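A.B. asks: Sending over a structure as C-alpha coordinates; questions will come in a sec.
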Amino acid sequence: MTEFKLHTLETAPEGSKETLSGALKQNGFIPNLYAIMAESPEVLKAYRQMADLFDATSLSPVEKNIVWLTVSYNNSCHYCMAIHSMVGKMYKLPEEMIEALRTNLPLKDSKLETFRQFTALLVKKRGWASEEDIAKFLAAGYTQKNVLELVVGIGQKTISNYVNHITHTPLDKVIEDFKWKAPESACDCK
(Lines give C-alpha, C1' and ligand atoms only; values in the text may rest on other atoms or scores of the structure.)
Protein backbone atom coordinates (compact mmCIF):
# COMPACT_ATOMS: atom_id res chain seq x y z
CA MET A 1 0.00 0.00 0.00
CA THR A 2 1.29 3.45 -0.88
CA GLU A 3 1.76 5.53 2.24
CA PHE A 4 0.91 9.21 1.93
CA LYS A 5 2.73 11.71 4.12
CA LEU A 6 0.95 13.38 7.02
CA HIS A 7 2.41 16.88 6.69
CA THR A 8 3.09 19.24 9.54
CA LEU A 9 3.59 22.99 9.33
CA GLU A 10 7.31 22.27 9.00
CA THR A 11 7.09 19.67 6.20
CA ALA A 12 4.20 21.04 4.14
CA PRO A 13 4.78 22.71 0.80
CA GLU A 14 4.80 26.50 1.14
CA GLY A 15 1.41 26.82 -0.60
CA SER A 16 -0.29 24.68 2.08
CA LYS A 17 1.17 26.25 5.21
CA GLU A 18 -1.36 29.07 5.59
CA THR A 19 -4.33 26.68 5.37
CA LEU A 20 -2.71 24.24 7.82
CA SER A 21 -1.94 27.08 10.20
CA GLY A 22 -5.58 28.20 10.04
CA ALA A 23 -6.77 24.66 10.75
CA LEU A 24 -4.40 24.41 13.71
CA LYS A 25 -5.71 27.70 15.14
CA GLN A 26 -9.35 26.72 14.59
CA ASN A 27 -9.16 23.11 15.82
CA GLY A 28 -6.14 22.98 18.08
CA PHE A 29 -4.70 20.31 15.76
CA ILE A 30 -4.22 19.70 12.05
CA PRO A 31 -6.77 17.12 10.87
CA ASN A 32 -5.11 14.17 9.16
CA LEU A 33 -7.19 14.85 6.04
CA TYR A 34 -5.62 18.31 5.76
CA ALA A 35 -2.17 16.92 6.59
CA ILE A 36 -2.47 14.55 3.62
CA MET A 37 -4.10 17.08 1.27
CA ALA A 38 -1.22 19.48 2.05
CA GLU A 39 0.95 17.49 -0.38
CA SER A 40 -0.99 19.33 -3.10
CA PRO A 41 -1.70 22.95 -2.12
CA GLU A 42 -4.23 23.11 -4.97
CA VAL A 43 -6.27 20.19 -3.56
CA LEU A 44 -6.19 21.61 -0.04
CA LYS A 45 -7.23 25.06 -1.28
CA ALA A 46 -9.96 23.62 -3.52
CA TYR A 47 -11.39 21.66 -0.61
CA ARG A 48 -11.32 24.69 1.72
CA GLN A 49 -12.89 26.94 -0.93
CA MET A 50 -15.65 24.40 -1.55
CA ALA A 51 -16.23 24.21 2.21
CA ASP A 52 -16.47 28.00 2.45
CA LEU A 53 -18.85 28.14 -0.51
CA PHE A 54 -21.04 25.38 0.92
CA ASP A 55 -21.05 27.16 4.28
CA ALA A 56 -22.36 30.30 2.51
CA THR A 57 -25.38 28.50 1.02
CA SER A 58 -28.90 29.00 2.34
CA LEU A 59 -29.01 25.45 3.73
CA SER A 60 -29.33 25.17 7.50
CA PRO A 61 -26.56 23.72 9.67
CA VAL A 62 -28.70 20.58 10.13
CA GLU A 63 -29.15 20.21 6.36
CA LYS A 64 -25.41 20.69 5.78
CA ASN A 65 -24.65 17.95 8.30
CA ILE A 66 -27.15 15.70 6.56
CA VAL A 67 -25.32 16.30 3.27
CA TRP A 68 -21.89 15.56 4.77
CA LEU A 69 -23.01 12.34 6.46
CA THR A 70 -25.24 11.13 3.62
CA VAL A 71 -22.58 11.65 0.95
CA SER A 72 -19.93 10.05 3.16
CA TYR A 73 -22.20 7.08 3.93
CA ASN A 74 -22.98 6.49 0.27
CA ASN A 75 -19.29 6.81 -0.64
CA SER A 76 -18.29 4.56 2.31
CA CYS A 77 -15.83 7.07 3.73
CA HIS A 78 -14.61 5.93 7.16
CA TYR A 79 -12.85 9.21 7.94
CA CYS A 80 -15.65 11.60 6.95
CA MET A 81 -18.31 9.51 8.69
CA ALA A 82 -16.29 9.73 11.90
CA ILE A 83 -15.44 13.42 11.71
CA HIS A 84 -18.92 14.52 10.64
CA SER A 85 -20.51 12.43 13.38
CA MET A 86 -18.41 14.50 15.80
CA VAL A 87 -19.29 17.73 13.95
CA GLY A 88 -22.98 16.80 14.09
CA LYS A 89 -22.67 16.42 17.85
CA MET A 90 -20.95 19.84 18.02
CA TYR A 91 -23.88 21.31 16.07
CA LYS A 92 -26.19 19.68 18.64
CA LEU A 93 -27.90 17.35 16.18
CA PRO A 94 -29.98 14.84 18.14
CA GLU A 95 -28.13 11.56 18.79
CA GLU A 96 -30.94 9.64 17.09
CA MET A 97 -30.47 11.73 13.93
CA ILE A 98 -26.72 11.15 13.85
CA GLU A 99 -27.27 7.42 14.39
CA ALA A 100 -29.90 7.30 11.63
CA LEU A 101 -27.49 9.01 9.24
CA ARG A 102 -24.67 6.63 10.25
CA THR A 103 -26.89 3.61 9.58
CA ASN A 104 -28.85 4.87 6.57
CA LEU A 105 -32.18 4.80 8.40
CA PRO A 106 -35.03 7.26 7.76
CA LEU A 107 -35.10 10.53 9.68
CA LYS A 108 -38.18 11.25 11.78
CA ASP A 109 -38.74 14.69 10.23
CA SER A 110 -40.38 14.08 6.84
CA LYS A 111 -38.92 17.21 5.20
CA LEU A 112 -35.40 16.35 6.34
CA GLU A 113 -35.92 12.74 5.27
CA THR A 114 -36.86 13.95 1.78
CA PHE A 115 -33.67 16.05 1.85
CA ARG A 116 -31.59 13.00 2.91
CA GLN A 117 -33.16 10.78 0.25
CA PHE A 118 -32.63 13.36 -2.50
CA THR A 119 -28.99 13.84 -1.46
CA ALA A 120 -28.41 10.07 -1.53
CA LEU A 121 -30.14 9.81 -4.90
CA LEU A 122 -27.88 12.48 -6.40
CA VAL A 123 -24.79 10.63 -5.16
CA LYS A 124 -25.97 7.19 -6.28
CA LYS A 125 -27.21 8.39 -9.67
CA ARG A 126 -24.24 10.74 -10.18
CA GLY A 127 -26.56 13.72 -10.45
CA TRP A 128 -29.08 12.14 -12.83
CA ALA A 129 -32.22 13.09 -10.90
CA SER A 130 -35.48 12.58 -12.76
CA GLU A 131 -38.14 15.26 -13.07
CA GLU A 132 -40.18 13.24 -10.57
CA ASP A 133 -37.26 13.19 -8.10
CA ILE A 134 -36.83 16.95 -8.35
CA ALA A 135 -40.57 17.57 -8.09
CA LYS A 136 -40.74 15.51 -4.87
CA PHE A 137 -37.84 17.51 -3.40
CA LEU A 138 -39.46 20.82 -4.34
CA ALA A 139 -42.86 19.67 -3.01
CA ALA A 140 -41.25 19.08 0.40
CA GLY A 141 -40.58 22.83 0.61
CA TYR A 142 -37.15 23.09 -0.96
CA THR A 143 -36.21 25.38 -3.84
CA GLN A 144 -34.39 25.13 -7.15
CA LYS A 145 -31.58 27.06 -5.45
CA ASN A 146 -31.39 24.29 -2.83
CA VAL A 147 -31.06 21.68 -5.59
CA LEU A 148 -28.02 23.51 -6.94
CA GLU A 149 -26.56 24.17 -3.48
CA LEU A 150 -26.62 20.44 -2.85
CA VAL A 151 -24.22 20.02 -5.78
CA VAL A 152 -21.69 22.22 -3.96
CA GLY A 153 -21.95 20.15 -0.78
CA ILE A 154 -21.74 16.87 -2.66
CA GLY A 155 -18.72 18.16 -4.57
CA GLN A 156 -16.99 19.24 -1.37
CA LYS A 157 -17.56 15.89 0.34
CA THR A 158 -16.64 13.92 -2.77
CA ILE A 159 -13.20 15.57 -2.78
CA SER A 160 -12.53 14.52 0.80
CA ASN A 161 -14.12 11.07 0.40
CA TYR A 162 -11.96 10.29 -2.62
CA VAL A 163 -8.78 11.58 -0.99
CA ASN A 164 -9.53 9.41 2.05
CA HIS A 165 -10.16 6.36 -0.12
CA ILE A 166 -6.94 6.82 -2.09
CA THR A 167 -4.75 7.61 0.92
CA HIS A 168 -6.42 5.53 3.68
CA THR A 169 -6.39 8.57 5.96
CA PRO A 170 -5.92 7.48 9.57
CA LEU A 171 -8.50 8.75 12.06
CA ASP A 172 -7.47 11.65 14.27
CA LYS A 173 -7.41 10.82 17.98
CA VAL A 174 -10.33 13.21 18.62
CA ILE A 175 -12.62 11.23 16.31
CA GLU A 176 -11.66 7.69 17.29
CA ASP A 177 -14.83 7.42 19.42
CA PHE A 178 -16.84 7.98 16.24
CA LYS A 179 -15.13 5.20 14.26
CA TRP A 180 -17.40 3.82 11.52
CA LYS A 181 -17.20 0.70 9.42
CA ALA A 182 -19.11 0.72 6.17
CA PRO A 183 -21.75 -1.99 5.87
CA GLU A 184 -21.48 -4.15 2.76
CA SER A 185 -24.59 -2.46 1.38
CA ALA A 186 -23.24 1.10 1.66
CA CYS A 187 -21.30 1.14 -1.58
CA ASP A 188 -20.92 -1.27 -4.45
CA CYS A 189 -17.69 0.37 -5.56
CA LYS A 190 -15.07 -2.00 -4.16
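The values are calculated or read from the model by the stated rules, or taken from the named source; none is laboratory data. Predicted model only: the values in this text are computed from it and were never measured. No Cβ is skipped: glycine too gets one built from the backbone with ideal geometry, and neighbour counts run over all protein chains shown. SASA here: full protein model, heavy atoms, side chains in, ligands and nucleic acids out. Shrake-Rupley method; radii C 1.70, N 1.55, O 1.52, S 1.80 Å.
A.B. asks: What does the C-alpha gyration tensor say about the overall shape of the range 101-152? Classify as rounded when a/c is under 1.5, otherwise prolate if a/b is larger than b/c, or oblate. Present the calculation step by step, with values, prior to reporting the outcome.
C.D. replies: On the way: a/c = 1.70, a/b = 1.23, b/c = 1.38.
Taking the square roots of the gyration eigenvalues as a ≥ b ≥ c, the range 101-152 is oblate.
A.B. asks: Also, quick follow-up: Provide the convex hull volume over Cα atoms per residue for the range 32-83, in Å³. Mind showing how you got there, number by number?
C.D. replies: Numbers: hull volume 4.1 nm³, N = 52.
Measuring per residue, one finds 79 Å³ for the Cα hull of the range 32-83.
A.B. asks: Based on Cβ point charges of +1 for Lys and Arg and -1 for Asp and Glu, what charge dipole magnitude is obtained for the range 1-103 about its Cα centre, in debye rounded to the nearest 20? Spell out each step's value before the answer.
C.D. replies: Working: 9 positive and 12 negative charges, 27 e Å.
Dipole magnitude for the range 1-103 comes out near 120 debye.
A.B. asks: What does the charge dipole of the range 101-190 about its Cα centre add up to, to the nearest 20 debye, if the Cβ of each Lys and Arg holds +1 and the Cβ of each Asp and Glu holds -1? Spell out each step's value before the answer.
C.D. replies: Values: 14 positive and 11 negative charges, 18 e Å.
In total the dipole reaches around 80 debye.
A.B. asks: Roughly how big is the chain's charge dipole about its Cα centre, with Cβ charges of +1 (Lys, Arg) and -1 (Asp, Glu), in debye to the nearest 20?
C.D. replies: Numbers: 22 positive and 23 negative charges, 27 e Å.
Taking the Cα centre of the chain as origin, the dipole is about 140 debye.
A.B. asks: Any idea how far apart LYS125 and GLN49 come out in nm if each label point goes 7 Å out from Cα toward Cβ?
C.D. replies: Roughly 3.0 nm, to one decimal.
A.B. asks: I need the trypsin sites (Lys or Arg not before Pro) found in the range 1-58, filtered to DSSP loop residues with at most 15 other beta carbons within 10 Å of theirs.
C.D. replies: Working: sites: LYS5, LYS17, LYS25, LYS45, ARG48; in loops: LYS5.
Here the sparse-neighbourhood loop sites are LYS5.
A.B. asks: Also, quick follow-up: I'd like to know which of ALA82, PRO106, ALA23 lies farthest towards the positive end of the charge dipole of the chain, counting +1 on Cβ of Lys and Arg and -1 on Cβ of Asp and Glu.
C.D. replies: Of the options given, the answer is PRO106.
A.B. asks: Out of the chymotrypsin sites (Phe, Trp or Tyr not before Pro) in the range 77-134, which ones are loop residues according to DSSP with at most 10 other C-beta atoms within 10 Å? Walk me through the numbers before you get to the answer.
C.D. replies: Values: sites: TYR79, TYR91, PHE115, PHE118, TRP128; in loops: TYR91, TRP128.
Qualifying residues, ordered by number: TRP128.
A.B. asks: Also, quick follow-up: If you stretched the chain out fully between LYS173 and SER58, how much longer would it get, using 0.36 nm times the residue separation minus the C-alpha to C-alpha distance? Each step should come with its number before you reach the end.
C.D. replies: Details: separation 115, 0.36 × 115 = 41.40 nm, distance 3.22 nm.
Going from the current span to full extension adds 38.2 nm.
A.B. asks: Over the chain, with the other protein chains present, what is the accessible area per residue in square angstrom, probe 1.4 angstrom? Intermediate results must be reported in sequence, preceding the final value.
C.D. replies: Values: 10530 Å² over 190 residues.
Here the residues of the chain average 55 Å² of exposed surface.
A.B. asks: May I pose another question? Can you give the FRET efficiency to the nearest 0.05 for GLU3 and TYR162, using r as the Cβ-Cβ distance and R₀ = 22 Å?
C.D. replies: On the way: r = 18 Å, r/R0 = 0.80.
E(calc), rounded to 0.05, equals 0.80.
A.B. asks: Which log10 I(q)/I(0) values does the chain give at q = 0.10, 0.19 Å⁻¹ under the Debye formula, counting every alpha carbon as one identical point scatterer?
C.D. replies: Log10 of I(q)/I(0), two decimals: -0.40, -1.38.
A.B. asks: Report, in listed order, any pair from LYS92/LYS124; LYS64/LYS108; LYS89/LYS136; LYS5/LYS45; LYS45/LYS157 with a Cα-Cα distance greater than 23 Å.
C.D. replies: Details: LYS92/LYS124 28 Å; LYS64/LYS108 17 Å; LYS89/LYS136 29 Å; LYS5/LYS45 18 Å; LYS45/LYS157 14 Å.
From the list (LYS92/LYS124; LYS64/LYS108; LYS89/LYS136; LYS5/LYS45; LYS45/LYS157), the Cα-Cα distance tops 23 Å for LYS92/LYS124; LYS89/LYS136.
A.B. asks: With runs of 4+ DSSP H residues as the only contributors, calculate the mean residue ellipticity of the chain at 222 nm using -39,500 (n - 2.57) per run, divided by the residue total and rounded to the nearest 500.
C.D. replies: Numbers: 9 runs with 119 residues, N = 190.
The helix contribution divided over the chain gives -20000 deg cm²/dmol.
A.B. asks: I've got another one for you. Report in % the part of the accessible area of the range 45-100 that belongs to carbon and sulfur, leaving out ligands and nucleic acids; probe 1.4 Å. Please list the in-between numbers first.
C.D. replies: Numbers: 1340 of 2290 Å².
Carbon and sulfur atoms account for 58 percent of the accessible area of the range 45-100.
A.B. asks: Using the Cα atoms of the range 63-173, I'd like the radius of gyration and the largest Cα-Cα distance, Dmax, both in angstrom.
C.D. replies: Final numbers for Rg and Dmax: 13.7, 44 Å.
A.B. asks: Separate question: Once label points are set 7 Å from the Cα along Cα→Cβ at both ALA135 and GLU95, what is their separation, rounded to one decimal in nm?
C.D. replies: Modelled inter-label distance: 4.2 nm.
A.B. asks: A follow-up question, please. What is the gain in length, in nm to one decimal, between LYS181 and GLN144 on full extension, counting 0.36 nm per residue of separation less the C-alpha to C-alpha distance? Please list the in-between numbers first.
C.D. replies: On the way: separation 37, 0.36 × 37 = 13.32 nm, distance 3.42 nm.
Length gained between LYS181 and GLN144: 9.9 nm.
A.B. asks: Continuing with this model, one more query. Please identify, among PRO170, PRO61, PRO94, the residue showing maximal mean-square fluctuation in a Gaussian network model of the chain using a 10 angstrom Cα cutoff.
C.D. replies: Evaluated over the chain, the most mobile residue of the options is PRO94.
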